Amino acid sequence: KSENFAVGLTSRCSTFVAECPQRRAAMGLRQRLLGLLGLLTTVASERPHLLQRASFLHLDGGTEVPKVPRAVPIPGSQTWPSDESSDRCTARNAYTCGDGQHCCCMFGCSYDLEKDNCTACDAADPLVRQFHIPSSHLWKERAEGICSAEFAHRCGGACCCNANFRWNMETRHCEATEDLAMVTETLPTPPVPPEDVVPGSQTWTAAGISCESRNAYSCSDGQHCCCRFGCVFNPEKDSCSACSADSPQVKSFHIPSSHLWDERIKEGTCEPEHSHACGKACCCHGKYRWDLEQRHCVAAATTLATAPVAEKKLVAPPKPEPVPGSQTWLAGTCEAKNAYKCGDHCCCMFGCEFNAERDSCTSCSDKDPLVAQFHIPASHLWTARREKQLCDEPQSHRCGQACCCNAGYLWNMESRRCIIYK
């Protein structure tokens, strides 16, 4: 109709100007009118096409309704403490979801394991752009940071329906839907490190020495101590040392966000059962893994295969070399002559040589190869060795600053004894 009206008006206007010669001065006006009427005609003819295009776009958008995100409760979020100022989920950029005990991150936010919080919230996130409730940014309560619609939460500067819900424009409510996005497959649980048992550490506890005092924890057998993740057993110190917070074990197996725990920060301890301090955080013991849902260290189904260790071939100890005629030495004089009792005779201590002119073992050296190879690890720290210059372990003697097992014997790290070599 608009098109017909414009064409008729153009025709009448041309006739009016032609029949009135006295008004030919208005020719300029005629040209302007014709231009305007031509524009109207063009718009009228184009309008149905524009309307058709707009309708096409609307229908096209409506045929590709995106699937609603499926609720993904944060494992263990049911343990989050309540905040006096806000809801326990809202305080961490999340909302109550699933069974009503867990929390889900608000659309546009992602869960950060190390902060145990939903962070990196982005108003331009695709979920916010696609699923925000239309015009919800204009809601009065949204300006106050609240989304009062049931089953809705804050997202960017607007509100979004919770996961598993879709906004119904007719009812103006968030309604449950079955048209949900596929769930991303979970990765298999990786194996965990085995226990790093310190040989002979059962003697620590027997002597009243705690595992913790030597950078270790009580192993699952309840007798030995195991080095903390990031630490390595040093036989010469009889302790786990060289502890590193940058150790691959600490980086890969520390308990997420445990560096934020009050007891770890204030007391340096780790409260969960079967856990220990590692770096600035806490780690589950060997053979245990952290269950994020239960927030406990639980027995792992699989452990990492230990790298094959080449069997250390035992080096035969020196054979006894009795000092000729030393059976004639007065009782108790073996030690006085830098020797030890071997059968009925005396044998020179490792690192010393018999001097016939002095009838004694002399030229004792701390750097003698026998001392370096056969000294008992950490024996230089023994109380009797430091304070009384004695080696009170059976079948042992002084050598350099430490103690050595007598000739024919070897030190057993597990039993912490000098045993006869066979």
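The values are calculated or read from the model by the stated rules, or taken from the named source; none is laboratory data. The shown structure was predicted, so the numbers you read here are calculated from the model rather than taken from an experiment. Backbone-built Cβ (ideal geometry, glycine too); neighbour counts: all protein chains shown. Surface areas here come from the heavy atoms of the whole protein model, side chains and all, with no ligands, DNA or RNA. Shrake-Rupley method; radii C 1.70, N 1.55, O 1.52, S 1.80 Å.
Details
- Only protein heavy atoms count here; on that basis, with a 1.4 Å probe, Met169 has an accessible area of about 100 Å².
- Spherically averaged projected area in nm², based on the convex hull that wraps the Cα atoms of region 178-244: 7.5
- The 3J(HN,Hα) values that the Karplus relation (6.51, -1.76, 1.60; θ = phi - 60°) gives for region 95-101 are, in residue order, 9, 5, 8, x, 7, x, 9 Hz. Gly and Pro appear as x.
- Sequence-distant residues sharing a close amide H with Phe354 (under 5 Å, placed H): Thr362
- Per-q log10 I(q)/I(0), region 307-415, q = 0.17, 0.18, 0.19, 0.20 Å⁻¹ (Debye; single scatterer per alpha-carbon; no solvent): -0.79, -0.88, -0.97, -1.06
- Surface share of carbon and sulfur [accessible, 1.4 angstrom probe, percent] for region 63-163: 51
- For the residue pairs Lys251/Lys367; Lys115/Lys140; Lys237/Lys313; Lys251/Lys313, the alpha carbons lie more than 29 Å apart in Lys251/Lys367; Lys115/Lys140; Lys251/Lys313.
- Ordering of 317-325, 153-161, 73-81, 265-273 by burial proxy (mean other Cβ atoms within 10 Å per residue, highest first): 153-161, 73-81, 317-325, 265-273
- For Asp291, the accessible surface of its heavy atoms amounts to roughly 20 Å² (probe 1.4 Å, protein chains only, rounded to the nearest 10).
- For region 102-113, Karplus couplings with θ = phi - 60° (6.51, -1.76, 1.60), whole Hz, Gly/Pro x: 8, 10, 10, 5, 4, 4, x, 10, 10, 7, 9, 4
- Distant-in-sequence amide contacts of His296, defined by a placed amide H-H separation under 5 Å and a gap of 5 or more residues or a different chain, comprise Asp291.
- Principal axis analysis of the Cα atoms in region 165-318 yields extents of 94, 38, 27 Å, listed in decreasing size.
- Region 123-215 - Debye-derived log10 I(q)/I(0), Cα point model, q = 0.12, 0.15, 0.18, 0.21 Å⁻¹: -0.54, -0.67, -0.88, -1.03
- In this structure Val232 has an accessible area near 90 Å², from a 1.4 Å probe over the protein heavy atoms.
- Backbone amide hydrogens, once placed in the peptide plane, bring Ser396 within less than 5 Å of Asn406, excluding anything fewer than 5 places away on its chain.
- Surface per residue (accessible, 1.4 Å probe) for region 117-214, Å²: 61
- Per-residue Karplus couplings for region 232-242, computed as 6.51 cos²θ - 1.76 cosθ + 1.60 with θ equal to phi - 60°, are listed in order as 10, 6, 10, x, 6, 9, 6, 7, 7, 9, 6 Hz, Gly and Pro entered as x.
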